1. When the range 75-117 is examined, which residues are found to be away from the ligand (no atom under 16 Å from the Cβ) and among the acidic types (Asp, Glu)?
2. Please go through the range 8-38 and pick out each residue that is assigned to a loop (DSSP other than H, G, I, E, B) and among the charged types (D, E, K, R).
3. Does Met44 qualify as being modelled with pLDDT of 95 or more, closer than 26 Å to Leu134 by Cβ and not in a helix (DSSP H, G or I)?
4. Residues in the range 102-111: is at least one under 30 Å from Leu186 (Cβ atoms) and either in contact (Cβ under 8 Å) with a residue 24 or more places away in the chain or of a type outside the set (Val, Ile, Thr) (or both)?
5. Which one of these does Gly219 not meet: (1) assigned to a strand (DSSP E or B); (2) surrounded by fewer than 18 Cβ atoms within 10 Å (Cβ to Cβ)?
6. Kindly indicate whether any position in the range 240-254 is within 16 Å of the ligand (Cβ to nearest atom) and in contact with a Pro (Cβ under 9 Å, 6 or more places away or on another chain).
7. At least 2 residues that are within 20 Å of the chain's Cα centre (by Cα) in each: list the strands (runs of 3 or more DSSP E) lying fully within the range 57-171 that qualify.
8. When the range 210-228 is examined, which residues are found to be within 16 Å of the ligand (Cβ to nearest atom) and either among the hydroxyl-bearing types (Ser, Thr, Tyr) or in contact (Cβ under 8 Å) with a residue 60 or more places away in the chain (or both)?
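The values are calculated or read from the model by the stated rules, or taken from the named source; none is laboratory data. Everything numeric here is computed off the predicted structure, so don't read it as measured data. Cβ placement follows ideal geometry from the backbone for every residue including glycine, while neighbour counts extend to all protein chains displayed.
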Amino acid sequence: MEPKSVFLPDILEGKVALLTGGGSGIGLCIATYFGRHGAKVVLMGRRKQVVDEAAKSLGTEGIQAIGVAGDVRKKEDCMNAVQKTVDEFGRLDILVNGAAGNFLSAAEDLSPNAFKTVMEIDALGTYTMSYAALHYLKKGGQGKQPQEGGVIINISATLHYSAQWYQLHVSAAKAAIDSMTRSLALEWGTDFGIRVNGIAPGPIKDTPGVEKLVVNMDGTVTRDIFLGDKSDIAQTALFFCSEGGKYINGATLPVDGGNWIKSTRYYSTEAVRTFSREYEKRRKAALAASSKL
Ligand code: COA
C-alpha cells in the first residue's frame, strides 16, 4: 500500500503539469501524486497505448489527465506535447523531465551510437522539453521572483557523483542534466521567475531501473543498498512545487536513502576506539622521549 501524502490535498489546485516518461514507473507515480493534490496532468511517452491507459487509470481516481505520444529526442514531438497540454488545459505550470533510457554496458562494448542514444534521450531531451515549455512556464508566473513562475523538475541520478561500473553513458548524461539545472535556474529563475531543480533518485522498487541495473537474473538484489519507493520521489517532487519549496532553485536533491555516501567500513567501531587512542598515546610518548634526548 502506498504511504499517505504528507501534503495538504489542494496544494496544486489549478496547476497543470506535463511529465515526460509519465506513462509508467516514477513518472506516473509523480503524476498520480500531483493529480491527487489538484493538478491536471499530461503524460508524455513514446508508446501511445501506455500513456493513454495510464491517463485513463488516473481518470478513475477523478484526476483530469491525458496521454500524449512523443519522443523527447524529436523537437516537433516536444513542441506538440506542450501545445496539446495548453490546448487541453489552458496553461502549463510544471514540467517534469523524467524520460530516460539506460542499460548496463562496459565502456569498451558501448558503441558511439549507444552513447548518443542515451545522451539524446536524457540530456538533449531534458533541454528540448524545457525549451519547448519555456513560453508557457514564463506566462504561468507573473513576477520576477523565483517563487512566482513555473517549475521545472529534472530527474537525475547519483551515478556521476563518483563513478559507477558500466554506466558511463548515463553518468555523462545525468552530469549534463545537473549542470543544466543550475544554468536554467540561474537564467530562467532570474529573468522569468521559473524555478529549476533536480531529484536524484536511488534504486526505486518496481521500476525498470532496478530490474535492469541492480537485480540478478534470479531477482535478488546485487548489492548492499537501500531500495526506495516511487512515492519517495513523488513526495519530493510535490515539495519542490509546494509553498515549502519556493526558495529552492538550482538544487539537485539526492533521494536515495544515503546510498551514494555509502562506503566500505574498514575497521569496526570497537577497533577504532582502541587503536585510535592507542596511536595518539604512542605518538605522544615518542615525542616526549625524543624531546628528552
Ligand atoms: N548494451 C549495449 N548497447 C546497447 C544496449 C545494451 N544493453 N541496448 C541498446 N544498445 C545500443 C544499440 O546496440 C544501438 O547502438 P548501435 O546502433 O551502435 O548498435 C544503440 O544502443 C541504440 O539502440 P536502439 O535499440 O536502437 O535504441 P532505442 O531508441 O530503440 O532504445 C534504449 C533506447 C536503448 C535506451 C532502450 O533501452 C530504451 O528505450 N529504454 C527506455 C526505458 C529505460 O531504459 N528505462 C530505464 C531507466 S533507468
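1. Listed by number, the residues that qualify are Glu76, Asp87, Glu88, Asp93.
2. Hits for the range 8-38 are Asp10, Glu13, Lys15.
3. Details: modelled with pLDDT of 95 or more: yes; closer than 26 Å to Leu134 by Cβ: yes; not in a helix (DSSP H, G or I): yes.
In short, yes.
4. Pass one, the range 102-111, residues under 30 Å from Leu186 (Cβ atoms): 102.
From what is left, the residues that are either in contact (Cβ under 8 Å) with a residue 24 or more places away in the chain or of a type outside the set (Val, Ile, Thr) (or both) are 102.
Within the range 102-111, one or more residues are under 30 Å from Leu186 (Cβ atoms) and either in contact (Cβ under 8 Å) with a residue 24 or more places away in the chain or of a type outside the set (Val, Ile, Thr) (or both).
5. So the condition that Gly219 fails would be (1).
6. So in the range 240-254, the residues within 16 Å of the ligand (Cβ to nearest atom) come out as 254.
With the extra rule that they be in contact with a Pro (Cβ under 9 Å, 6 or more places away or on another chain), the set shrinks to 254.
Within the range 240-254, one or more residues are within 16 Å of the ligand (Cβ to nearest atom) and in contact with a Pro (Cβ under 9 Å, 6 or more places away or on another chain).
7. Where strands (runs of 3 or more DSSP E) fall fully within the range 57-171 and carry at least 2 residues being within 20 Å of the chain's Cα centre (by Cα), they are 94-97, 151-155.
8. Within the range 210-228, Lys212, Leu213, Thr222 qualify.
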